[in-house]
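Q: What follows is a single structure, and I will ask about it in a moment.
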Amino acid sequence: IRDVVIVDPRPPLSLTSRRPETNYRLWWPLPAMIELAARSLALVEALLSDGAAVPMDRRGYLYVSDAEATARSLPAFVAGHPALVPAEAVALDAAELHRRWPHLGPSVLGGILVGRAGSLDVVALGEAMLARAIGKGVRVQRGAVTGIASGAGRVTGVSIEGPDGSADLATDVIVDAAGPFAGTVATLAGADLPIETVLRQKVVIRDEARVVPRDAPFTITLDGRRLPWSDGERRALAGEPDGERLLAPLPPGIHVKPDATAGADAVKLGWAWDQRASPPTEHPEPPQAFPRMVLLGAATVIPGLARYADRLRAAAAMPLAHEGGFYARTPDGRPLIGPVGRELEGFFTISGLAGHGAMMAAAAGELAADWITGSAHRVDAPAFDPRRFSDTAYLEAIGSGAVVTGEL
């Protein structure tokens, strides 16, 4: 199939792909997710062999705990978790953690190092894939899809509104890969994708003191914590809409990572503390309390980062990027890849990839192409088939907790 058009109202890779976490890993709770991630990694490595310039490293993921009970449980967890074998995961005690990474604070008592994991420049990957696609004849058309036409039970065309006016394209195949806006596009075809969107934020700071070693793994906290706000901040937060939630114990999942793509001394910080769904917007306004919040949280496991949080409180000037974008997630934590429904032939989707788009994109595209061309699937296609959500029994199993989520 050579007659392919990419329709996008923005320059390609300029929405959430410009603000990614840019990580990959082979640790997943489900074999199907491991299979998809491994296949995607193999495709990326094939691109590298073909000359693509996609910066990657394999520094690993490091999950750390400062709770005694959690830390004690990690060796047994790793030993009894078959899904960790492909990820080359090992449990480490406090002595080994501090020997290898002395920047970690004394409160860290144990951790899990995932070896088959690291960073991936997803923008460079997308540009390499796009260049190869254009070389095969793919065209890029600037514009927004405003309508989807159908007849006799199948897709027949799309309407596009762009800088040069309106246009109609005849087609018998549409792939809805609109990221957080995939649900909006699907409604044009009378379809309802089972996804919700949540705002995710990141902060990039200049680590002038090199608190975090440049070769440190991507570090993630396993335990919740209450932040050490100042008395003045507590009083101020008490009157804010989210103030009570920020003053209460907060969930695990603080992310700390040296990020060469953002600068020679840049460190990226994230924390998916807010799980509330909200409609996607093109230019979200992240809460202003987040930069100091995430720095205070990160400093509980890497004390040297506290210096930057103190400078924020004093309103001192410091280079800082604070960006937000939307994850689109499904009820079972697995992406949607394949035909959307049985009523309309030719309508496919790649969506609901939440925070694992960078590490799954290549294999997700291949799987969609397998569906479209009727080729043999190279991964567990039913695990990601969007039509699984038309099964009432499956929905009930999700509601009862009987379905293992695809996300960690």
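Q: In region 361-408, how many residues are assigned to a loop (DSSP other than H, G, I, E, B), open to solvent by 30 Å² or more (accessible area, probe 1.4 Å) and either more than 21 Å from G179 (Cβ to Cβ) or not acidic (D, E) (or both)? Give the derivation first.
A: Our first condition is that a residue be assigned to a loop (DSSP other than H, G, I, E, B); within region 361-408, this holds for 374-380, 385, 391, 401-408.
Within this subset, residues satisfying the condition of being open to solvent by 30 Å² or more (accessible area, probe 1.4 Å) are 374-378, 380, 391, 401-405, 407-408.
Checking which are either more than 21 Å from G179 (Cβ to Cβ) or not acidic (D, E) (or both) leaves us with 374-378, 380, 391, 401-405, 408.
The qualifying residues number 13.
This table checks each residue for (1) in contact (Cβ under 8 Å) with a residue 12 or more places away in the chain; (2) within 18 Å of the chain's Cα centre (by Cα).
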residue: D207; (1), (2): yes, no
residue: P213; (1), (2): yes, no
residue: T219; (1), (2): yes, yes
residue: D223; (1), (2): yes, no
residue: G232; (1), (2): no, no
residue: P249; (1), (2): yes, no
residue: P258; (1), (2): yes, yes
residue: G263; (1), (2): yes, no
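Q: For G224, state whether it is of a type outside the set (S, T, Y), surrounded by fewer than 16 Cβ atoms within 10 Å (Cβ to Cβ) and farther than 27 Å from P102 by Cα. If you could, list the steps in order and put the result at the bottom.
A: Working: of a type outside the set (S, T, Y): yes; surrounded by fewer than 16 Cβ atoms within 10 Å (Cβ to Cβ): yes; farther than 27 Å from P102 by Cα: no.
Taking the combined requirement at face value, the residue does not satisfy it.
Q: Could you say which residue among V90, V64, V85 is β-branched (V, I, T) and open to solvent by less than 50 Å² (accessible area, probe 1.4 Å)? Before you say what the answer is, go through the steps one by one.
A: Working: V90 fails: open to solvent by less than 50 Å² (accessible area, probe 1.4 Å); V85 fails: open to solvent by less than 50 Å² (accessible area, probe 1.4 Å).
Matching residue, one of V90, V64, V85: V64.
Q: Inside region 269-315, can you point out the residues that are of a type in the set (K, R) and within 16 Å of L104 (Cα to Cα)? Walk me through it before giving the result.
A: Just the residues of region 269-315 that are of a type in the set (K, R), to begin with: 276, 292, 307, 311, 313.
Scanning region 269-315 gives a single hit, R307.
Q: Here's another thing I want to ask about it. Find the residue count for region 194-222, including only residues that are outside any strand (DSSP E or B) and within 23 Å of R329 (Cα to Cα).
A: So the first thing to find is which residues in region 194-222 are outside any strand (DSSP E or B), and the list is 194-195, 207-217, 222.
Narrowing further to those that are within 23 Å of R329 (Cα to Cα): 194-195, 222.
Within region 194-222, residues that are outside any strand (DSSP E or B) and within 23 Å of R329 (Cα to Cα) number 3.
Q: Would region 170-186 turn up any residue that is modelled with pLDDT under 95, surrounded by fewer than 20 Cβ atoms within 10 Å (Cβ to Cβ) and of a type in the set (A, V, I, L, M)?
A: No - not one qualifying residue is present in region 170-186.
Q: Counting residues that are open to solvent by 20 Å² or more (accessible area, probe 1.4 Å), in contact with a strand residue (DSSP E or B) (Cβ under 8 Å, 6 or more places away or on another chain) and at pLDDT below 90, which strands (runs of 3 or more DSSP E) fully inside region 253-329 reach at least 1? Write out each step before concluding.
A: Values: elements: 254-258, 266-271, 320-329.
Counting at least 1 such residues, we get 320-329.
Q: If I ask for residues that are in contact (Cβ under 8 Å) with a residue 24 or more places away in the chain, over 26 Å from the mean Cα position of the chain (by Cα) and open to solvent by 60 Å² or more (accessible area, probe 1.4 Å), which ones from region 117-169 would you list?
A: Result: K136, R139, T146, S150, R154.
Q: Still on this structure, I have one more. Please find, among L43, L74, L26, the residue that is open to solvent by less than 50 Å² (accessible area, probe 1.4 Å), among the hydrophobic types (A, V, I, L, M, F, W, C), closer than 30 Å to A131 by Cβ and out of contact with any Lys or Arg (no Cβ under 8 Å at 6 or more places or on another chain). I'd like the intermediate steps shown before the answer.
A: Values: L74 fails: closer than 30 Å to A131 by Cβ; L26 fails: out of contact with any Lys or Arg (no Cβ under 8 Å at 6 or more places or on another chain).
The conditions single out L43.
Q: Sticking with this structure for a sec: Take D192 and decide whether it is in contact (Cβ under 8 Å) with a residue 12 or more places away in the chain, touching a helix residue (DSSP H, G or I) at 6+ places or on another chain (Cβ under 8 Å) and either aliphatic (A, V, I, L, M) or at negative phi (or both). Show your work before the answer.
A: Working: in contact (Cβ under 8 Å) with a residue 12 or more places away in the chain: no; touching a helix residue (DSSP H, G or I) at 6+ places or on another chain (Cβ under 8 Å): yes; either aliphatic (A, V, I, L, M) or at negative phi (or both): yes.
The answer is no for D192.
The values are calculated or read from the model by the stated rules, or taken from the named source; none is laboratory data. Just so it is clear, the model here is predicted, and its values are computed rather than measured. Cβ sites come from the backbone with ideal geometry, for glycine too, and all protein chains shown count toward neighbours. Quick note on the areas: whole protein, heavy atoms, side chains included, nothing else; ligands and nucleic acids left out. Shrake-Rupley method; radii C 1.70, N 1.55, O 1.52, S 1.80 Å.
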